[in-house]
Amino acid sequence: ERKKYDWEFVRSKCKTLDKLVTAKEKVWHPDLTYLASNMHRMKGGEKLYKDSIEANPHINNGKKDIISYIKSRWNKPGYTPILPYRFRTLPEKHIDHKLKFQYNNILEIFPHGQYSKAMLLDEPELPMPLKETRDDLKTEMDKALADTSNAIYVFRCATGIGKTRLAINRKESVALAFPTHALKEEMYAAATIPCEMIPRIPLDALPTDMAKRYNKYCDAGLVRKASHMIRKIADNPYRYNLDKDQATKLVAYFKQLEKCLKTNSTIFTTHQKCVHMNFENKDTYIFDEDPFYAFAKTNSCTTADLRILANTLMTKGNAVDAHKIECIADAMNNYIDVFADKLNILQFDDSESVVQAIQECAAKKEIKGNVFGLLMNPRPMFHIQPVNNKDPKGDKKISYTTYVPLRDDKKYIILSATASEYIYRKLYGDRVKFIDLSNVETKGKIHQFSNVGYSRKSMDKNPKRVKLADNFKKELPTITFKTHRSEFTNPVDGIHFGNCEGSNKLAGQDIKIIGTPHLDSTAYRLICKLLDIDAHSSDFEFERMKVKHNGYEFNFTTSINPDVRSIQFYCIEKDLIQAVGRARLLNHDCTVYLFSDYPVPNAEQHSTRDLAKVVQLQPSIDKEAA
């Protein structure tokens, strides 16, 4: 029994109760029983029920006995208690039936507090049958492939709908890209059409320093520069002291690459390659999963890194470029405005000397950040902040993003459970055609505990909260942050936030997901800058507040700026939906238990106070209440 109820608020939601208390028209016996089964468990409820009947000339006073009888059954030995009626047991035409989307029963109707679970505001749209949605996907894919324009088709598809299988077996000749090499190779092996696959770069065929440089280039978003470097090595293997085996591997790699570039068959590749390469005989590029992070790379370095690099160049006799880098470091140290114009990086007199100096400093671990992307891109977008907030006049951390736009002369089809219409329209405007096929009937279900946060910070500060989540169904495979895996009994090997896409190893299993994967506010700043969103520094000083999004009202630590909030919610939802999707709920009758204060679509919301009730949920309970 709750100690306090806001009866005016309860009446504003429950129309049958309002009708009873208003006492101006008759309330029939079934509804009186439905109300009494709840109100006897509410402090002050029995008195309100009886007073309302006495005040209503249309109701026989003998109906007061209904609540007395139900109350007597609650604790009477040998009798089965009459449980509070749930809204979903009411007939569909009942005026309170729709409350099932927000609450289980009247006892749960109370104003949304700071530690309340997420609340559904409106009746959700009915999900589409799976077969019908798959037919729609095929029809829309046919239309997209037949289109001869340079449109960007963004399909937001439910996880497990079959988008990947549909894509890999098309007869049209396209470039088909996957997020990882492993997924690319798995899908290539499963394809039934004529196709070729771009191989992995044979890094073991490169000198150690060159392999490290290649990875640094790619991490910084300089894939074309990395590819050009590999080509130079392959063209002159003896200059780089390659042995016969290394040279053979490089020759084989480029031979297969040339074959792919010339083929009329479909090409299997990765997101990163597809973003940076031009397949001249392919008019259509298809991305399996959202490629946003492939064409918008984020990295960081410090002004100390730049000064160390400048000093190294000076000792090597390259005083001109050393001076330029010192000037960049000085400018960064005195430049704090986040959303000012992009930096114009000067051209270097001897860029190879700069690259070699970076390699040398990195090998000695004198430089810890990735300075390649900052110095080798003509106009990186950046954000500057003190390395130590207690020393604002000291060294600065330079976070930057490099952006490679999708080509104007190609058509793109993006198949993803998480792609954001907002982001793609911001980048490409009317070129984007958005098709939403995400609301689909599922065989499985999601139970979410959304009343408290499970960010990295809140988990670190509240070890009891972590233990509570771990002890709930302890035996279940658990997906969480990579850094927090050791805190749980059964963490999933190889799957964590940021690395969930594509895996089927948990399909059909009950699983547990623990965490709300926030990014550092700097990442949100850089995405906002990329999208040309007008934002002030104070917009990134996040506070916990009540917000409405995706049809839910919930408490969340976020920005007062709705555009910044949209970016934050996209990044969080992307990871959570991918994690939930590992169970393949569309096709399997299994359950995902999610501990996060960010509500995901189609999840039944609970409080962590109700953990025991969720474990014991039985279909028979609803039948008994009815």
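The values are calculated or read from the model by the stated rules, or taken from the named source; none is laboratory data. Everything quoted here is computed from the prediction, not taken from an experiment. All Cβ positions, glycine included, derive from the backbone under ideal geometry; neighbour counts span all protein chains shown. Protein only, heavy atoms only, side chains kept; ligands, DNA and RNA dropped before computing areas. Shrake-Rupley method; radii C 1.70, N 1.55, O 1.52, S 1.80 Å.
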- Query: Going by the conditions given, is Ala234 touching a residue at least 12 places away in the same chain (Cβ under 8 Å), under 42 Å from the mean Cα position of the chain (by Cα), over 23 Å from Lys368 (Cα atoms) and open to solvent by less than 20 Å² (accessible area, probe 1.4 Å)?
  - Reply: no
- Item | Leading residue by the ranking (farthest from the chain's Cα centre (by Cα)) among those in the stretch 83-116 that are of a type in the set (A, V, I, L, M, F, W, C) and surrounded by fewer than 21 Cβ atoms within 10 Å (Cβ to Cβ) | Leu83
- Item | Val371 being open to solvent by less than 80 Å² (accessible area, probe 1.4 Å), over 19 Å from Ala304 (Cβ atoms) and either in contact with a strand residue (DSSP E or B) (Cβ under 9 Å, 6 or more places away or on another chain) or modelled with pLDDT under 85 (or both) | no
- Query: Can you list the strands (runs of 3 or more DSSP E) found entirely within the stretch 367-426 that contain at least 3 residues being under 30 Å from Gly502 (Cα atoms)?
  - Reply: 396-403, 411-416
- Hey, Ser227 hits all of (1) in contact with a strand residue (DSSP E or B) (Cβ under 8 Å, 6 or more places away or on another chain); (2) at pLDDT below 90; (3) open to solvent by 20 Å² or more (accessible area, probe 1.4 Å) but one; which does it fall short on? (1)
- Message: Being of a type outside the set (Asp, Glu) and either crowded, with 16+ Cβ neighbours inside 10 Å or under 19 Å from Ser455 (Cα atoms) (or both) is the filter here; which residues of the stretch 491-506 pass it?
- Response: Pro491, Val492, Ile495, His496, Phe497, Gly498, Asn499, Cys500, Gly502, Ser503, Leu506
- Task: All but one of (1) closer than 30 Å to Val387 by Cα; (2) surrounded by fewer than 21 Cβ atoms within 10 Å (Cβ to Cβ); (3) within 34 Å of the chain's Cα centre (by Cα); (4) of a type outside the set (Ser, Thr, Tyr) hold for Gly221, so report the exception by its number.
- Result: (2)
- Which of the residues that make up the stretch 1-47 are among the aliphatic types (A, V, I, L, M), closer than 16 Å to Ile70 by Cβ and not in a helix (DSSP H, G or I)? Val27, Met42
- Query: With Lys71, Lys64 as the choices, which residue is among the charged types (D, E, K, R) and open to solvent by 90 Å² or more (accessible area, probe 1.4 Å)?
  - Reply: Lys71
- Item | Flag if Thr33 is buried (at least 19 other Cβ atoms within 10 Å of the Cβ) and modelled with pLDDT of 95 or more | no
- Message: Taking the criterion of being in a loop (DSSP other than H, G, I, E, B) and crowded, with 18+ Cβ neighbours inside 10 Å, would at least one residue in the stretch 456-469 satisfy it?
- Response: no
- Query: Has the stretch 430-453 got at least one residue that is part of a helix (DSSP H, G or I), under 19 Å from the mean Cα position of the chain (by Cα) and of a type in the set (A, V, I, L, M, F, W, C)?
  - Reply: no
- Flag for Asn550 being touching a Pro at 6+ places or on another chain (Cβ under 7 Å) and either under 28 Å from Gly429 (Cβ atoms) or buried (at least 18 other Cβ atoms within 10 Å of the Cβ) (or both): yes
- Residues of the stretch 507-565 being within 28 Å of Pro491 (Cα to Cα) and in a loop (DSSP other than H, G, I, E, B), in sequence order, are Ala507, Gly508, Gln509, Asp510, Gly515, Thr516, Pro517, His518, Leu519, Asp520
